[in-house]
Amino acid sequence: MKPSFLGTFGLVFAAIAALFAVDMFLAKVERSETAAQAARLYKKGEQLAAAGRYNEAVTSLRDALAISRDNATWQLALGNALLSAGKLDDAESLLRDLLQRDATNGEGNLLMARALARQQRIAVAESYYHMAIYGRWPRDADANRIRARFELIDLLVKVDAKQQLLAELLPLQDEPLTDPATRARIARLFLLAGSPARAADLFRQILHHQRQDADAYAGLGEAEFARGNYRTAESILVVALRLKPGDAQVRKDLELCDEVVGLDPTPRGLTPAARFARSRKLVQALLEDAGKCNLPATVRAGATTDANLAAADKLWQARKASCPGTPPDPAVVIVMDKIAE
């Protein structure tokens, strides 16, 4: 009886083992089929997003994530699709969950910054942009960090945050950006940020390698003009216009520069006669400008430079007090602001 019992037990054990093996095999097949289904849904979602069918992409990517919940790559794809579909609250919720598990995820922080920026939550968006810039990027880290910084810069330009803009531009000076178009873009951004000296340096670097670059000459002329170097700006803009004679903006900038140079009595090195002539011309320009808003001509040009400067100041103060809604001559504004410094 004992051998028979052992034999029966062995058969039962073998049958159980066989059933377990079959069950494991079927479970593996099911997992494989489920994973394949999730991958198909993800691929379909990516294709739909690429075709601009974002709502359908969201549905497909959500179905994929319902099968494989912890796939960070798929979560990022869904977050991107949600943003493109305008589902900002859903995108923020998804990305917040992802970043709770992986706070240094560069792409996740960048997508969160975009979601917040589109909701006009600028200060919070700025912090997420910084986390994206200094976060972890598995591939093309340097390029992605620069891209994130430029996105933040574009946002700061849009909201006219000049102080923060300058702070974001300064690190780009240390980047090995050899592309002239990118350097020109940074130079113009320095102009917007109120740092014309840095802009001028960058434009000169471009011209060192590309001596016939009309746009770089135009930018350098603008930078020198913003620094108050009107005569230098004038000569540079002349070169820009010679290289690009059809550029209406350069022509307009040169005309303004010429007008400022002709009105400004303050530069060092002017002869007394030239200073007097310019001061007299400035008074005449202010009288003409006052006539645009029907101000009575209470003063006239004087016999000395000092008398003319006093008359100009009186006209300018009257104009500011009585004609706030009428834009003054830009050249007059520049010269009067310079005299007031």
Among the helices (runs of 4 or more DSSP H) contained in the stretch 104-220, which hold 3 or more residues that are at pLDDT 95 or above and small (Gly, Ala, Ser)? 106-118, 122-133, 196-209
Subset of the stretch 266-283, residues under 16 Å from Ala331 (Cβ atoms) and touching a Ser or Thr at 6+ places or on another chain (Cβ under 6 Å), comes to Ser279
Checking Leu287 against (1) more than 27 Å from Gly194 (Cα to Cα); (2) at pLDDT 95 or above, which single condition isn't satisfied? (2)
Helices (runs of 4 or more DSSP H) (entirely within the stretch 260-341) containing at least 1 residues that are touching a residue at least 60 places away in the same chain (Cβ under 8 Å): 330-340
If you check Ala117, Ala200, Ala113, Ala143, which single one turns out to be exposed (fewer than 15 other Cβ atoms within 10 Å of the Cβ) and among the small types (Gly, Ala, Ser)? Ala143
Out of the residues in the stretch 267-324 that are exposed (fewer than 15 other Cβ atoms within 10 Å of the Cβ) and of a type in the set (Val, Ile, Thr), which is farthest from Lys338 (Cα to Cα)? Thr298
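The values are calculated or read from the model by the stated rules, or taken from the named source; none is laboratory data. The model shown is predicted, which means the values in this text are computed figures rather than measured ones. Here the Cβ is made from the backbone with ideal geometry for all residues, glycine too, and neighbour counts use every protein chain on show.
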